[in-house]
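Colleague: Dumping the structure here so I can ask a few things about it.
The values are calculated or read from the model by the stated rules, or taken from the named source; none is laboratory data. All figures in this text were calculated on a predicted structure; none of them were measured in a lab. All Cβ positions, even for glycine, are placed from backbone atoms using ideal geometry, and neighbour counts span all protein chains on display.
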Amino acid sequence: MVDAEATVFIVDDDDAARNGLRELVESVSFNVKTFASAQQFLEAYEPETCGCLLLDVRMPGMSGLKLQDEMNRRGIALPIIFITGHGDVSMAVDALKNGAFDFVEKPIRGQFLLDKVHCAIEKHRHVCRRRERMKQIQAQQALLTDRERQILDRVKVGSGTKLIAKEFGLSRKTVDAHLTSIREKMGVESTPQLIMLLYESGLLQPAFASA
């Protein structure tokens, strides 16, 4: 299934190669953006964009490997599929060790490359969904009052209602009311669901979640 929101970025200094890749990827209805240099890509890329990058290994100026290094330095998690010549396989292997998704040798087999593009985008789609979920959770947390944040912090470390009430000098009924408000703002119906939400979002470590 094609993801209309996904974009395939193509960085290759060779006009013919770049245009050929564009035509191939557009044939399966992906959005495509092409760049003749690594620097052009870095200047135009928006971190919120989901997709993958088709990247030539050898380019004048900033090479494909140097671009990968810069993306790693900036925390850009876009999956990279390197396009390599026969003599560049060892470089591509180094790129894989450095976090690249995969590499494809020239001459390119169209369907073979498209299959890898689909896999790379599916991988990045999960990253994008998690990122959006984290934003949603952060927005929900921003709605909490100071007291609710304090109580949520105690929930994170496994404190029950009785212990929380004693720690803050509150009645259990008041703590329960705060917990109800927290659950409503966080979009869950029960405290176990709240714990699971915190766990899935990375705000709670597994040891706490299982306590």
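Colleague: When the residues of the stretch 176-211 are filtered to those that are loosely packed, with under 14 Cβ neighbours inside 10 Å and hydrophobic (A, V, I, L, M, F, W, C), which remaining residue is modelled with the lowest pLDDT?
Modeller: The residue in question is Ala211.
Colleague: Does Lys123 meet the test of being surrounded by 12 or more Cβ atoms within 10 Å (Cβ to Cβ) and in a helix (DSSP H, G or I)?
Modeller: Spelling it out, Lys123 is indeed surrounded by 12 or more Cβ atoms within 10 Å (Cβ to Cβ) and in a helix (DSSP H, G or I).
Colleague: Filter the stretch 8-19 for residues that are in contact (Cβ under 8 Å) with a residue 40 or more places away in the chain and either acidic (Asp, Glu) or out of contact with any helix residue (DSSP H, G or I) (no Cβ under 9 Å at 6 or more places or on another chain) (or both) and give the result.
Modeller: Within the stretch 8-19, Asp12, Asp13, Asp14, Ala17 meet the criteria.
Colleague: Kindly indicate whether any position in the stretch 181-201 is assigned by TED's automatic domain parsing to the domain that holds Phe82, polar (S, T, N, Q), farther than 30 Å from Gly75 by Cβ and in a helix (DSSP H, G or I).
Modeller: Checked the stretch 181-201: no residue is assigned by TED's automatic domain parsing to the domain that holds Phe82, polar (S, T, N, Q), farther than 30 Å from Gly75 by Cβ and in a helix (DSSP H, G or I).
Colleague: Can you find, within the stretch 1-48, the residue that is farthest from the chain's Cα centre (by Cα) among those that are in a helix (DSSP H, G or I), over 18 Å from Leu67 (Cβ atoms) and not small (Gly, Ala, Ser)?
Modeller: Among them, the one singled out is Asp15.
Colleague: Sticking with this one: Out of the residues in the stretch 77-99 that are assigned to a loop (DSSP other than H, G, I, E, B) and under 24 Å from Ser29 (Cα atoms), state the one that is modelled with the lowest pLDDT.
Modeller: Ala77
Colleague: Take Arg73 and tell me if it is among the basic types (Lys, Arg) and buried (at least 16 other Cβ atoms within 10 Å of the Cβ).
Modeller: When the stated conditions are applied, Arg73 does not pass them.
Colleague: Can I ask one more? Just a yes or no: is a residue in the stretch 28-41 without any contact (Cβ under 8 Å) to a residue 40 or more places away in the chain, closer than 27 Å to His126 by Cα and small (Gly, Ala, Ser)?
Modeller: yes
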